[in-house]
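Here the structure comes first, spelled out in structure tokens, and everything after it is commentary.
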Amino acid sequence: MSDWRTDPTITEFDLGCSDCGSDLSPTTVPAARIVPDVRGDITIAECPECGGRYYPEKALDRL
């Protein structure tokens with residue numbers, strides 16, 4: 001987790017899962033699993049406890 005005093009940008013990886021409250025982990029997935037015409041991989045925030053997925057702005061821009 002980043003320190004807001006030195007890095008004020010908060011991302012999905014700094015937040016807890018909105019479903020169960022667990023810490024989120026960066027996970028790389030093929031973009032085509034979400035949007036068939038997009039090539040390559042994207043990094044999303046995924047909850048290892050309940051499987052919730054959250055899409056950082058950088059991932060959404062790619063999609």
| query | Nearest 0.05, what FRET efficiency do Ile34 and Thr6 give at R0 = 25 Å with Cβ-Cβ as r? | reply | 0.15
| field | Accessible area per residue in Å² at 1.4 Å probe, computed on the chain | value | 72
| field | Local electrostatic count at Asp19 - Lys and Arg +1, Asp and Glu -1, tallied over other residues with Cβ under 11 Å | value | 0
| query | Expressed in nm to one decimal, what extension gain is obtained for the pair Tyr54 and Thr27 from 0.36 nm per residue of sequence separation less their Cα-Cα distance? | reply | 8.7 nm
| said: For Rg/Rh (Cα atoms, Kirkwood Rh), one of [x] 1.17; [y] 0.95; [z] 1.02 was computed from the structure I shared and the rest are decoys. Which label? | reply: [z]
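Rank-order 16-28, 45-57 by packing density, defined as the average count of other C-beta atoms within 10 Å over each peptide's residues, highest first.
Details: 16-28: 13.1, 45-57: 14.8.
Going by the mean number of other Cβ atoms within 10 Å, highest first, we get 45-57, 16-28.
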| task | Rounded to the nearest 500, what is the 222 nm mean residue ellipticity of the chain from helices alone, with -39500 (n - 2.57) per DSSP H run of 4+ residues and division by all residues? | result | -2000 deg cm²/dmol
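The values are calculated or read from the model by the stated rules, or taken from the named source; none is laboratory data. Remember, predicted model here, so these are calculated numbers, not experimental data. Because the Cβ atoms are built from the backbone with ideal geometry, glycine has one as well, and the counts that use them run over all protein chains shown. All accessible areas refer to the heavy atoms of the entire protein, side chains included, with ligands and DNA or RNA removed. Shrake-Rupley method; radii C 1.70, N 1.55, O 1.52, S 1.80 Å.
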